[in-house]
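Chemist: To start, I am sharing the structure in question, which I have written as structure tokens.
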Amino acid sequence: MFKKAFASFSEFCKRLFQTPYKAECVEDLPDNFKKKTLYVIGTKDEPWQVELFCPCGCEDKIVLPTNDSMKPRWYLKVQKGKPSLSPSIFRSKGCKSHFFIREGYVDWCFD
Ligand SMILES: [Zn+2]
């Protein structure tokens, strides 16, 4: 009960304070790589790779393969321009951030 109330409260805060990521399909990465933009290399239906700035603020660029021939690979879904990625993104180096991107919003994992 409490956990559920807390979950909806944190959901509310997240949407209030976060600027969601936008998905942008590109053939090549632009020179001025923007924050809060998830670049989809390839097409929305057949994304080859996605790139984004780490949401923690460390300014590292994260590159995730979304292609069948790559392992590991991530699954991208774009709804109304907002990207969702699964599974979670767990950085083994640098800031060691662990998070999900769901409908453009970052869900942090604190375990
Ligand atoms: Zn980071």
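Chemist: Condition first: in a loop (DSSP other than H, G, I, E, B) and surrounded by fewer than 17 Cβ atoms within 10 Å (Cβ to Cβ). Can you find one or more residues in the stretch 10-17 that meet it?
Modeler: No.
Chemist: Take Lys71 and decide whether it is under 15 Å from Glu103 (Cβ atoms) and either modelled with pLDDT under 95 or not hydroxyl-bearing (Ser, Thr, Tyr) (or both).
Modeler: Criteria not met by Lys71.
Chemist: Looking at Lys4, is it open to solvent by 50 Å² or more (accessible area, probe 1.4 Å) and over 19 Å from His98 (Cα atoms)?
Modeler: So Lys4 passes the test.
The values are calculated or read from the model by the stated rules, or taken from the named source; none is laboratory data. In this text the structure is predicted, and so the values were computed from the model without any measurement. Quick reminder, even Gly has a Cβ in these numbers, built from the backbone with ideal geometry, and neighbours come from all protein chains shown. The accessibility values were calculated without ligands, DNA or RNA, using every heavy atom of the protein model including side chains. Shrake-Rupley method; radii C 1.70, N 1.55, O 1.52, S 1.80 Å.
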